[in-house]
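Everything on this sheet refers to the single structure shown next.
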Amino acid sequence: MQVAELVTLVQQFLHRDKKLSKHSKCPSAGKPDTASVTAVVPKVLPKTPTEDSCSSSGHFFEYLVVVSLQKKGDGIYEPQIMYQFPKHDGMVKAQMEEEEKILKAITLFCFPEGVKWVPLTEYHSETFSFVLTEVDGSRRNGYCRRLLPHGKGARSPEAYCIISQLACFGLFSKIFDEVEKRRQISMAMIYPFMQSLREAQFPAPGQTVEIKSFIPDSGTETIVLTRPLDSWLEHVDFRILFHCLQHRQAVQVFAAAVLERRIVFVAEELSTLSQVIHGIVALLYPFSWQHTFISIVPEILIDVVMAPTPYLLGVQKHLLDFVTDQSDLLIVDLCENAANTFITAIGDEQDILPPKLQEDILEALSAKKDNSTSEGFNKVVSEAFLSFFVKTVGHFAAFIKRTRDGLPGIFDKRGFCRAVESKSSRKFVEKFIKTQMFDVFIQEMEWQPTTQEGFFHKRIAEYQEKKK
């Protein structure tokens, strides 16, 4: 892939972020939004968290591709797609060009380290994810597993990548297990399994789908895929986040994210970067990160760290030297035995959240058990941070003034802030209401009916009932 072609592609993705930044109300971006943004970076966002983040209709996936490294010169390799399913025939020229751009972007994120590689005899497979948002706002989730193919002697790793509109990391990891097993037999064995998967109905939360697939010498196998009951948490595993960060450190990173600051996460493993960053985004529920979000920054796009607007970025450790502008920036080192978890920080991260509520989060986190299931662990962690939002902004509905049917309500910001009794909580709320994530949330609520039954609203009702 030529760099010029890639730059053209990623500049299209950047276009939406520039327009968004001009209207940002971020109170802590550190630099004016009018500064020139020279980085070429695809606009990559997490999905807006909902009670059901994965649609229960449509296909499981859009593409499965296998990407390998093809040697182009001395130590120089180019990622190329060696297998694609399904192949879309009968497309017009514009559709073919669009698909080609998407596939080129996929190869970039499958091998973000760059073009320099050394053949390997050992390589620990890893699974990671990314999210692409196109110019029209449509979103695709990318799930990638990299491993060393069977063979003798030194060889290059290859990557399996599934592109889907569905955000369900654990479920797709299991699908990769089945794809990998069939790949060891023959590339041709992947097709019937993926065809059966593509024809299957995506299960509702807590439900199961069975996929039948034939394997030589084993006969017909039934693969059971079960979707977690708490669908809005199915894309994350908080155990990785809390393996890398202590409780108080995680709360400080959460606080910086709540105020929409620039945060860079550093790690050696791609899987660690993607899981930790998706975990931080999930802690913001019911709010959604509205700015640049790249869980794994490819080497060719490293200049994005110079952008003055809010972002969440995952950077591999060997690229840390490229992060030269470290002002107004939180850099979090996720590596084992890191000398300093916060390589650089603004310095007020521990003071952003109200002290009492910060201690409430820490106390709730102490109830989690490291040997619990992923769902059990996720539930304890999510409840700890959700409770924080319930206590600080859970009274928002009372300050949305409804008019006649068909028109949105009007949010009373001043009255909303004055209703917060605690001085420290009011100070936080006054900052939080200036963020884009809160603004977007309120705009959505202004259009919603008075009576709502979402997960967040249920927790608010329970909390208000206890206060009576």
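Overview of values
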{"read-out": "Tally, over segment 62-74, of residues that are in contact with a strand residue (DSSP E or B) (Cβ under 6 Å, 6 or more places away or on another chain) and either of a type in the set (Asp, Glu) or open to solvent by 20 Å² or more (accessible area, probe 1.4 Å) (or both)", "value": "4"}
{"read-out": "Filter result for Val266 (of a type in the set (Val, Ile, Thr) and either farther than 14 Å from Val332 by Cβ or open to solvent by 10 Å² or more (accessible area, probe 1.4 Å) (or both))", "value": "no"}
{"read-out": "Every residue from segment 372-397 that is open to solvent by 70 Å² or more (accessible area, probe 1.4 Å) and not acidic (Asp, Glu)", "value": "Thr373, Lys379, Lys391"}
{"read-out": "Members of segment 231-261 found to be outside any loop (DSSP other than H, G, I, E, B), open to solvent by less than 10 Å² (accessible area, probe 1.4 Å), touching a Ser or Thr at 6+ places or on another chain (Cβ under 8 Å) and under 22 Å from Ser327 (Cβ atoms), listed by number", "value": "Val258"}
{"read-out": "Selection status of Phe441, under 20 Å from Leu357 (Cα atoms) and either without any contact (Cβ under 8 Å) to a residue 12 or more places away in the chain or open to solvent by less than 50 Å² (accessible area, probe 1.4 Å) (or both)", "value": "no"}
{"read-out": "Residue within segment 359-366 that is part of a loop (DSSP other than H, G, I, E, B), modelled with pLDDT under 95 and either within 30 Å of Ser173 (Cβ to Cβ) or in contact with a helix residue (DSSP H, G or I) (Cβ under 8 Å, 6 or more places away or on another chain) (or both) present", "value": "yes"}
{"read-out": "Residue in segment 107-129 that is farther than 21 Å from His318 by Cβ and among the charged types (D, E, K, R) present", "value": "no"}
{"read-out": "Selection count, segment 340-358, where residues are outside any strand (DSSP E or B) and over 17 Å from Phe242 (Cα atoms)", "value": "13"}
{"read-out": "Close pairs (7 angstrom Cβ cut-off, 6 or more residues apart or separate chains): closer than 17 Å to Asp328 by Cα in segment 341-356, part of a loop (DSSP other than H, G, I, E, B) and of a type in the set (S, T, N, Q) anywhere", "value": "Thr344/Gln326"}
{"read-out": "Residue match in segment 133-147 (condition: among the aliphatic types (A, V, I, L, M) and open to solvent by less than 10 Å² (accessible area, probe 1.4 Å))", "value": "yes"}
{"read-out": "Residues that are farther than 17 Å from Ser213 by Cα and open to solvent by 50 Å² or more (accessible area, probe 1.4 Å), drawn from segment 152-195", "value": "Lys152, Ala154, Arg155, Gln165"}
{"read-out": "Residue match in segment 268-279 (condition: farther than 19 Å from Gly170 by Cβ, among the small types (Gly, Ala, Ser) and either modelled with pLDDT of 90 or more or part of a strand (DSSP E or B) (or both))", "value": "no"}
{"read-out": "Some residue of segment 150-162 being in contact (Cβ under 8 Å) with a residue 40 or more places away in the chain and among the aliphatic types (A, V, I, L, M)", "value": "yes"}
{"read-out": "Search result, residues across segment 294-313 that are outside any helix (DSSP H, G or I) and either open to solvent by 10 Å² or more (accessible area, probe 1.4 Å) or in contact (Cβ under 8 Å) with a residue 60 or more places away in the chain (or both)", "value": "Ile294, Ser295, Ile296, Val297, Pro298, Ala307, Pro308, Thr309, Pro310"}
{"read-out": "Any hit, segment 397-416, residues being charged (D, E, K, R) and in contact with a Lys or Arg (Cβ under 8 Å, 6 or more places away or on another chain)", "value": "yes"}
{"read-out": "Filter result (open to solvent by 30 Å² or more (accessible area, probe 1.4 Å) and either free of Cβ contacts under 8 Å to residues at least 12 places away in the same chain or among the aromatic types (Phe, Trp, Tyr) (or both)) within segment 412-438", "value": "Arg414, Arg418, Glu421, Lys423, Arg426"}
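Conditions (1) surrounded by fewer than 17 Cβ atoms within 10 Å (Cβ to Cβ); (2) of a type in the set (Val, Ile, Thr); (3) touching a Leu at 6+ places or on another chain (Cβ under 6 Å), marked per residue:
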{"site": "Tyr77", "(1), (2), (3)": "no, no, yes"}
{"site": "Gln84", "(1), (2), (3)": "yes, no, no"}
{"site": "Lys93", "(1), (2), (3)": "yes, no, no"}
{"site": "Met96", "(1), (2), (3)": "yes, no, no"}
{"site": "Glu100", "(1), (2), (3)": "yes, no, no"}
{"site": "Ile106", "(1), (2), (3)": "no, yes, no"}
{"site": "Phe109", "(1), (2), (3)": "no, no, no"}
{"site": "Gly114", "(1), (2), (3)": "yes, no, no"}
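The values are calculated or read from the model by the stated rules, or taken from the named source; none is laboratory data. Bear in mind that the values here come from a model prediction, so they are computed numbers and not experimental data. No Cβ is skipped: glycine too gets one built from the backbone with ideal geometry, and neighbour counts run over all protein chains shown. Ligands, DNA and RNA are stripped out before the accessible areas are found, and what is left, the full protein with its side chains, is counted by its heavy atoms. Shrake-Rupley method; radii C 1.70, N 1.55, O 1.52, S 1.80 Å.
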